[in-house]
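To keep things clear, I will list the structure first and then write my remarks on it.
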Amino acid sequence: MAPRKLAAGNWKMNGDLAALDQIDAMAEAVKGSSCDVLICPPSLLIPAMIAKGVVAVGGQDCHAAASGAHTGDISAAMLHDAGATHVILGHSERRADHHETDETVRAKALAAHRAGLIAIICLGETGDQRDGGHTLQVIAAQLAGSVPEGATAANTVIAYEPVWAIGTGRTPTIPQIAEVHARLRADLSDRLPDGAEVSLLYGGSVKGANAAEIFAIPHVDGALVGGASLKAADFLPIVAALDAA
């Protein structure tokens, strides 16, 4: 079975109730899409976005514990209870700003799986690691350390986001993206019985103008999109390019 195609938007710390008008603007185009369309807004917007019934909705993080004295955190079970279907884990901004390790991400992914959520596990190298020729080693180590036992194509998505390309306008070359995604596919196929079916997303300055070229790369099954997912006019061309891929 081929991996599911997924266009996922990460709103990060952006958006308010008025911004949900953008979801309404996506309604007709998304209804006819052959790929899965997901938006991960700030947690306060999750119930209101789910009520729209237009796109799948996910969280941007979860705690590894199911409940407890963790002020300010949200558990995977809470996200699921609110109606979320996915959760982004290990994004480079959390790895950097909150000092999250592969072990931390793996524990959160286990919690997501137990709660019935699909974990979107993010991996990516820094500019120094890329310039030093260590990209494949870094990616392989993050994959091995961040993906828990019990991961399957049904409960796990992998997103490759080179740190140096996120929000910078810089995009790796097609051969660079292809090399990483081929390595990810090979490692997943070696480790998981259904590793060939795990959806692999690319993220990092994806926009309508370059989406078709990126989606033509083998083993790129979709995108994790940041700023371009905030407005329907920017996000829908990416969805359309994935539909056509």
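Taking the average, over residues, of other Cβ atoms within 10 Å as the packing measure, peptides 198-208, 45-55 rank 198-208, 45-55 from highest down. What you get for the chain, charging only the Cβ of Lys and Arg (+1) and of Asp and Glu (-1), is a dipole of about 180 debye around the Cα centre. Gap in Å between the Cα centre of region 189-220 and the Cα centre of region 1-60? Centre-to-centre distance over Cα atoms comes out at 19 Å.
Using a probe of 1.4 Å, the accessible surface attributed to D131 totals some 130 Å² when neighbouring protein chains are kept in position.
Give me the one-decimal Kirkwood hydrodynamic radius in Å for region 112-245, with the sum taken over alpha-carbon pairs.
Across region 112-245, the inverse of the average 1/r is 15.1 Å.
Our summary gives region 60-159 a relative contact order of 29 percent, counting only alpha carbon pairs under 8 angstrom and 6 or more residues apart.
Which listed residue (N14, A51, A141) has the Cα farthest towards the positive end of the charge dipole for the chain, taking +1 on Lys and Arg C-beta and -1 on Asp and Glu C-beta about the Cα centre? Comparing the listed Cα positions along the dipole, A51 ranks first. Normalised by residue number, the volume inside the convex hull of the Cα atoms of region 55-102 is 90 Å³ per residue.
Helical content of the chain, expressed as a calculated mean residue ellipticity at 222 nm, amounts to -12000 deg cm²/dmol (DSSP H runs of 4 or more residues, -39,500 (n - 2.57) each, divided by residue number, nearest 500).
Simple point charges give the picture: +1 on the Cβ of Lys and Arg, -1 on the Cβ of Asp and Glu, and for region 3-66 a dipole about the Cα centre of about 220 debye.
Note on region 1-131: Rg/Rh from Cα positions, Kirkwood definition for Rh, rounded to two decimals, is 0.98. Per residue, the accessible area of region 139-197 comes to 40 Å² when a 1.4 Å probe rolls over the protein heavy atoms. Close Lys pairs in the chain (alpha-carbon distance under 18 Å; sequence gap of 8 or more, or different chains): 8.
Taking amide H positions as modeled 1.01 Å from N, with prolines and chain starts lacking one, the residues under 5 Å from Q60 and 5 or more places away or on another chain are I88. Here the Debye sum runs over all C-alpha atoms of the chain as equal scatterers in vacuum, and log10 of I(q)/I(0) at q = 0.08, 0.14, 0.15, 0.17 Å⁻¹ comes out as -0.26, -0.86, -1.01, -1.33. Measuring nothing but protein heavy atoms, the accessible surface of the chain at 1.4 Å probe radius is 56 percent carbon and sulfur. Each other residue within a Cβ distance under 13 Å of L236 adds +1 if Lys or Arg and -1 if Asp or Glu, for a net charge of -1.
The values are calculated or read from the model by the stated rules, or taken from the named source; none is laboratory data. Since this is a predicted model, take the numbers as computed values, not measurements. Note that we place each Cβ from the backbone using ideal geometry, even for glycine, and neighbour counts take in every protein chain shown. Ligands, DNA and RNA are stripped out before the accessible areas are found, and what is left, the full protein with its side chains, is counted by its heavy atoms. Shrake-Rupley method; radii C 1.70, N 1.55, O 1.52, S 1.80 Å.
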